[in-house]
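The structure under discussion appears below in the form of structure tokens.
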Amino acid sequence: MTGFPLTRRDLLRRGGLLGLAVTAGGMLTACGGGDPAPAAAGGKPGGVLRVGATGGGAKDTLDPHNPVTYPDQARCLNLYEPLFTRNAKYEIEPLLGESLTPSADAKVWTLKIRSGLTFHNGKTVDADDVIFSLRRILDPKQPGIGATGLAMIDGGALKRVDATTVEIPLKYAYSVLDDQLAQYMMGIVPVGFDLTKPVGTGPFAFKDFAAGGRSTFTRFDNYWRDKALPDELVIIDFPDDTAKVNALLSGQIDCLDNLPTSQMDVVKAAGAQVLISETASWTPFTMRVDSAPFDDVRVRQAFRLIVDRPQMVAQALNGQGRIGNDMYAPFDPAYASELPQRHQDLDQAKSLLKSAGHESMTVELVTSSGIGSGAVEAAQLFAEQAKGAGVTVQIRNTDSATFYGKDYLSWPFAQDYWFTRSYLPQVANGSLSTSSFNETHWNDPGFVDLIGRAQRELDKGKRTDLLKQAQKIEYDTGGHIIWGFKNQVDAYSAKVTGFVPDRNMPLSSYGFRSVSVST
């Protein structure tokens, strides 16, 4: 899955990040223009960049508004671009958008888009395309995965002011619209977009695509920033980690995402490079709160106490991460760091399970290497830890196509992956009944009320207080076991340059534009 962080977004790389300023009137605006990106400007152009992406399968898509797996995200971030983005430091930056200005009550926002932008088919990007894209995401008959995050927008009332200006009326005041528009699944497409002939503004244009296999893209020479360095981009699905690593070592691919941390030394010894980024990405255990035995909060609390978090980080991630406290969005200024750190307490876990009538229980835990590095290892380690509380965990290790198939989001006890996001975008993507990826089926009325009030609250201090109250509810009764935040570990061959650490997504947020491949 996911991660508002959100997250799914194209990275403005190595000094090519657009300056951002917030004016006294609250306007988000770009400072300066052009694209000085030294990575793109100084690298060697030409060649073919072959990327190994984790997972994928028959349900792969090029839909900019419905990317689910790593290969989907890698493709979409190079074909399409949103209005705003987050840079490598996780700061919001303008992209296709130039500024976003709220009214005094934050119920109407005025968006200015850059002039001179061109789609792959030669059409100039204008206000009508932005309106079409937002309405496509919000389409109630076939909503995009970002629809919940944009639920405050009155799609029918979107107004073209002029060729580069859009008035965005909201159904209610909303304080962080820029963050929602910076999610990677918010790509702008032309009016009449045809998924069989996908057109965007990204650095690469569509050439061919085979679900579950490979897809090819060519450099877009009329790209609005510095042109991509590779002549061609090939993204290849790898449901199997061993095959993915072997492909890098044998020279069949040039880079890969989600390197198993156990293979770091092997890759280095072969002369390849390892890219490590400290992120707020997480691979939780997900407990369906509406399905036995997890419909009993005591069972959920017990399972959170079963986890030995330092051991998880040390063994499942080989030390490439840090412990979590069952709460996401640690980079958010409103993160509830004051909540007591949970530690393994098997005696208390046993007591809770006994009181819930599950003194001795067996559960199935569904996992897959397609979830990302460390997922299967974490599942196996949890099964060992659970024995100490009298719980038998039966591991069901599926392939990526099965995990993300018809039963995805329905497993009673499973795992998932999420990228770095701030709290409200993450909630919109995964913690509301209307969320596209509510894998725990969480729907607490008190929590929903607090989130609604926080979304409408324009005073940052008051909003932070509401968000901390909401986090306390999730901390006490939620369905996620967030045992840690993992470093993003990727790898690339010695003939590749241009990747930089990034707090958002794998392989510099799949920013292949600035990557050079020597031949």
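The values are calculated or read from the model by the stated rules, or taken from the named source; none is laboratory data. What you see is a predicted model; the values in this text were computed from it and never measured. For neighbour counting, all protein chains shown are included, and Cβ atoms are generated from backbone atoms with ideal geometry for every residue, glycine included. Ligands, DNA and RNA are stripped out before the accessible areas are found, and what is left, the full protein with its side chains, is counted by its heavy atoms. Shrake-Rupley method; radii C 1.70, N 1.55, O 1.52, S 1.80 Å.
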Need pairs with beta-carbon distance below 6 Å; first residue within 19 Å of residue 380 (Cα to Cα) and within region 399-422, second of a type in the set (Phe, Trp, Tyr) and part of a strand (DSSP E or B); sequence gap 6+ or separate chains. 415/285
Taking region 332-344 only, how many residues are open to solvent by 50 Å² or more (accessible area, probe 1.4 Å), farther than 20 Å from residue 380 by Cα and over 20 Å from the mean Cα position of the chain (by Cα)? 4
Only one of (1) surrounded by 20 or more Cβ atoms within 10 Å (Cβ to Cβ); (2) outside any loop (DSSP other than H, G, I, E, B) fails for residue 446. Which number is that? (1)
What residue, among those in region 57-84 that are open to solvent by 10 Å² or more (accessible area, probe 1.4 Å) and charged (D, E, K, R), is nearest to residue 408 (Cα to Cα)? 59
Restricting region 126-160 to residues that are open to solvent by 10 Å² or more (accessible area, probe 1.4 Å) and of a type in the set (A, V, I, L, M), the residue that is nearest to the chain's Cα centre (by Cα): 145
Residues to consider are 420, 398, 402; find the one that is surrounded by 24 or more Cβ atoms within 10 Å (Cβ to Cβ), hydroxyl-bearing (Ser, Thr, Tyr) and either within 25 Å of residue 57 (Cα to Cα) or touching a Lys or Arg at 6+ places or on another chain (Cβ under 9 Å) (or both). 420
Considering every residue within region 374-391, establish whether at least one is surrounded by fewer than 21 Cβ atoms within 10 Å (Cβ to Cβ) and not in a helix (DSSP H, G or I). yes
Filter region 300-326 for residues that are assigned to a helix (DSSP H, G or I) and of a type in the set (A, V, I, L, M); which is most open to solvent (accessible area, probe 1.4 Å)? 314
Quick check, is residue 329 surrounded by 18 or more Cβ atoms within 10 Å (Cβ to Cβ) and either in contact with a helix residue (DSSP H, G or I) (Cβ under 8 Å, 6 or more places away or on another chain) or not acidic (Asp, Glu) (or both)? yes
What is the residue count in region 176-199 for residues that are of a type in the set (S, T, N, Q) and crowded, with 19+ Cβ neighbours inside 10 Å? 2
Is one or more of the residues making up region 345-356 more than 28 Å from residue 469 (Cβ to Cβ), open to solvent by less than 50 Å² (accessible area, probe 1.4 Å) and not in a helix (DSSP H, G or I)? no
Just checking, which of 263, 252 is of a type in the set (S, T, N, Q), farther than 22 Å from residue 60 by Cα and either modelled with pLDDT of 95 or more or crowded, with 18+ Cβ neighbours inside 10 Å (or both)? 263
Pairs under 6 Å by beta carbon, first residue β-branched (Val, Ile, Thr) in region 451-480, partner open to solvent by less than 30 Å² (accessible area, probe 1.4 Å), six or more apart or different chains? 451/427; 451/470; 464/334; 473/447
Any hit, region 73-89, residues being assigned to a loop (DSSP other than H, G, I, E, B) and basic (Lys, Arg): yes
Do we find that residue 368 is crowded, with 20+ Cβ neighbours inside 10 Å, out of contact with any Asp or Glu (no Cβ under 9 Å at 6 or more places or on another chain) and over 15 Å from residue 482 (Cβ atoms) in this structure? no
Quick test of your reading of the structure: residue 48 fulfils all but one of (1) under 30 Å from residue 496 (Cβ atoms); (2) crowded, with 22+ Cβ neighbours inside 10 Å; (3) at pLDDT 95 or above. Name the failing condition by number. (2)
Restricting attention to region 492-507, does a residue exist that is within 18 Å of residue 331 (Cβ to Cβ) and small (Gly, Ala, Ser)? no
Out of curiosity, is residue 301 of a type outside the set (Phe, Trp, Tyr) and within 30 Å of residue 91 (Cα to Cα)? no
Hey, any hits in region 457-465 for a residue that's in contact with a Pro (Cβ under 8 Å, 6 or more places away or on another chain) and at pLDDT 95 or above? yes
Counting only residues that are of a type in the set (Gly, Ala, Ser) and in contact with a strand residue (DSSP E or B) (Cβ under 8 Å, 6 or more places away or on another chain), region 132-162 contains a total of 1
